[in-house]
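Enquirer: Would you mind keeping the following structure in view while I ask a few things?
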Amino acid sequence: MNKEKDIVYFVSFCVEAYKMHIGQNGEAVVNLFEKCGVVDYLVRFYDVLHTQSKQWIVEDIDEFIAKRKEGEV
């Protein structure tokens, strides 16, 4: 598999994991990710992030979104 496909699968995995975490549907999570720049973050730091556990990634996304909403990122 090439890296681009790996990244697409990883972002999809993150959407699925995060929707379960917050109890929303995929569309709501995709909209939130787009609004807060989460997809760009996941792609940019894929090399490090994809090696982490699902729980760690979900918590990291929570923290990223909170900081983005506070204007820190």
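The values are calculated or read from the model by the stated rules, or taken from the named source; none is laboratory data. Worth saying up front: this structure is predicted, and the values here are computed from it rather than measured. Methodologically, a virtual Cβ is constructed for each residue, glycine included, from the backbone with ideal geometry; neighbour enumeration extends over all protein chains shown. Just the protein is used for accessible areas: all its heavy atoms, side chains included, with ligands, DNA and RNA removed. Shrake-Rupley method; radii C 1.70, N 1.55, O 1.52, S 1.80 Å.
Enquirer: Just to be sure I understand, how many residues within the stretch 23-57 are surrounded by fewer than 13 Cβ atoms within 10 Å (Cβ to Cβ) and not polar (S, T, N, Q)?
Expert: Number of matching residues: 11.
Enquirer: Take Ala66 and decide whether it is under 9 Å from the mean Cα position of the chain (by Cα) and surrounded by 12 or more Cβ atoms within 10 Å (Cβ to Cβ).
Expert: Values: under 9 Å from the mean Cα position of the chain (by Cα): no; surrounded by 12 or more Cβ atoms within 10 Å (Cβ to Cβ): yes.
The answer is no for Ala66.
Enquirer: Please verify whether Val48 is of a type in the set (Val, Ile, Thr), modelled with pLDDT of 95 or more and in contact with a helix residue (DSSP H, G or I) (Cβ under 9 Å, 6 or more places away or on another chain), treating the condition exactly as stated.
Expert: Taking the combined requirement at face value, the residue does not satisfy it.
Enquirer: Can you tell me which residues in the stretch 29-71 are free of Cβ contacts under 8 Å to residues at least 12 places away in the same chain and either closer than 17 Å to Ile7 by Cβ or among the hydroxyl-bearing types (Ser, Thr, Tyr) (or both)?
Expert: If the condition is that a residue be free of Cβ contacts under 8 Å to residues at least 12 places away in the same chain and either closer than 17 Å to Ile7 by Cβ or among the hydroxyl-bearing types (Ser, Thr, Tyr) (or both), then Glu34, Asp40, Arg44, Phe45, Asp47, Val48, Thr51, Gln52, Ser53, Asp60 are the ones that fit.
Enquirer: Six or more apart or on different chains, Cβ atoms under 8 Å: show the pairs whose first residue is in the stretch 10-26 and closer than 19 Å to Asp40 by Cβ and whose second is open to solvent by 20 Å² or more (accessible area, probe 1.4 Å) and acidic (Asp, Glu).
Expert: That search, which allows pairs on different chains as well, returns Gly26/Glu16.
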